[in-house]
Amino acid sequence: MWCLKIDTQLEGAVIGAGATLLAALVGFGAIFMQIGRQARDAIKQNRDNEVIKLKLRIYEQILTICETASNREIAFVGYVRDFISELDIAKMRSDQGLPSSLPNSRVPGLLKVQEASTSAAIEIVTATEQWQIIDPRMEVFRLAIIAASHDIRGAFFTDFFPIAMQTMPIDQPNGGPLPPWTVRLSKSFKMSRRRERV
């Protein structure tokens, strides 16, 4: 009887201890799962934060490159327009029997602004290639810049540059006086200017 009483007490103690242990294990498991979930959430949040930081860095880099490219393109187009305006003025003066005013534009200056514009476009293409893995939509911009650069380069070297070579004054290497300059417009340039005005 005494043995049975001890066994029952022992059984109760074991059951009580087992229940406590089980409750502790369940509680520990729940806490562990919560910590694991929080850790995964924190990792995901950190990853998301890093992605946002990276995209912001890419945006700032490309914005700077685009601003530079825009300024260089404006300088290039401005140089071409200034030269055409100088030719128009010189032609008007020549038609009125007045001496032609000497253009400020020169071939080396023209090539310098053209090359700067091309280099800036290449920088945009390089940046979009570099970061395309982050945002595949950049492929559209890369292809657009390549196509536009190709068209501009073709029009410049095929249509405009030969006329500029014939028409722009040439500075003397030793800084001596410029040779006489007169408006020499080729027929193709006159035709293209007429179309531009229409």
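The values are calculated or read from the model by the stated rules, or taken from the named source; none is laboratory data. Computed from a predicted model, the values in this text were never measured in an experiment. FYI the Cβ positions are ideal-geometry reconstructions off the backbone, even for glycines, and counts take in every protein chain you see. Accessible surface is based on the protein model in full, side chains and every heavy atom, while ligands, DNA and RNA are left aside. Shrake-Rupley method; radii C 1.70, N 1.55, O 1.52, S 1.80 Å.
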**Fill in**
Across (1) open to solvent by less than 60 Å² (accessible area, probe 1.4 Å); (2) touching a Lys or Arg at 6+ places or on another chain (Cβ under 7 Å), residue 171 clears everything bar (1)
**Prompt:** Considering only the stretch 76-87, how many residues are touching a residue at least 12 places away in the same chain (Cβ under 8 Å) and over 14 Å from residue 112 (Cα atoms)?
**Reply:** 5
**Item:** Qualifying position, being among the polar types (S, T, N, Q) and either at pLDDT below 85 or under 27 Å from the mean Cα position of the chain (by Cα) (or both), among 188, 105, 85
**Value:** 188
**Request:** Of the numbered conditions (1) open to solvent by 30 Å² or more (accessible area, probe 1.4 Å); (2) touching a residue at least 24 places away in the same chain (Cβ under 8 Å), residue 124 fails exactly one; give the number of that condition.
**Result:** (1)
**Fill in**
Checked the stretch 128-147 for anything in a helix (DSSP H, G or I), open to solvent by 60 Å² or more (accessible area, probe 1.4 Å) and of a type outside the set (A, V, I, L, M, F, W, C); matches are 129, 130
**Fill in**
Inside the stretch 148-168, the number of residues satisfying the requirement of being open to solvent by 50 Å² or more (accessible area, probe 1.4 Å) and either in contact (Cβ under 8 Å) with a residue 60 or more places away in the chain or hydrophobic (A, V, I, L, M, F, W, C) (or both) is 3
**Request:** Kindly indicate whether any position in the stretch 102-113 is free of Cβ contacts under 8 Å to residues at least 40 places away in the same chain, surrounded by fewer than 12 Cβ atoms within 10 Å (Cβ to Cβ) and part of a helix (DSSP H, G or I).
**Result:** yes
**Request:** Return the total of residues in the stretch 90-104 being more than 15 Å from residue 164 (Cβ to Cβ) and touching a helix residue (DSSP H, G or I) at 6+ places or on another chain (Cβ under 6 Å).
**Result:** 2
**Prompt:** If you check residue 154 against the conditions, is it in contact with a Phe, Trp or Tyr (Cβ under 7 Å, 6 or more places away or on another chain), more than 30 Å from residue 51 (Cβ to Cβ) and assigned to a helix (DSSP H, G or I)?
**Reply:** no
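Every residue, every condition in (1) under 30 Å from residue 135 (Cα atoms); (2) touching a Ser or Thr at 6+ places or on another chain (Cβ under 9 Å); (3) at pLDDT below 85; (4) open to solvent by less than 40 Å² (accessible area, probe 1.4 Å), yes or no:
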{"residue": "52", "(1), (2), (3), (4)": "yes, no, yes, no"}
{"residue": "55", "(1), (2), (3), (4)": "yes, no, yes, no"}
{"residue": "59", "(1), (2), (3), (4)": "yes, no, yes, no"}
{"residue": "70", "(1), (2), (3), (4)": "yes, no, no, no"}
{"residue": "75", "(1), (2), (3), (4)": "no, yes, no, no"}
{"residue": "78", "(1), (2), (3), (4)": "no, no, no, yes"}
{"residue": "81", "(1), (2), (3), (4)": "no, no, no, no"}
{"residue": "90", "(1), (2), (3), (4)": "no, yes, yes, yes"}
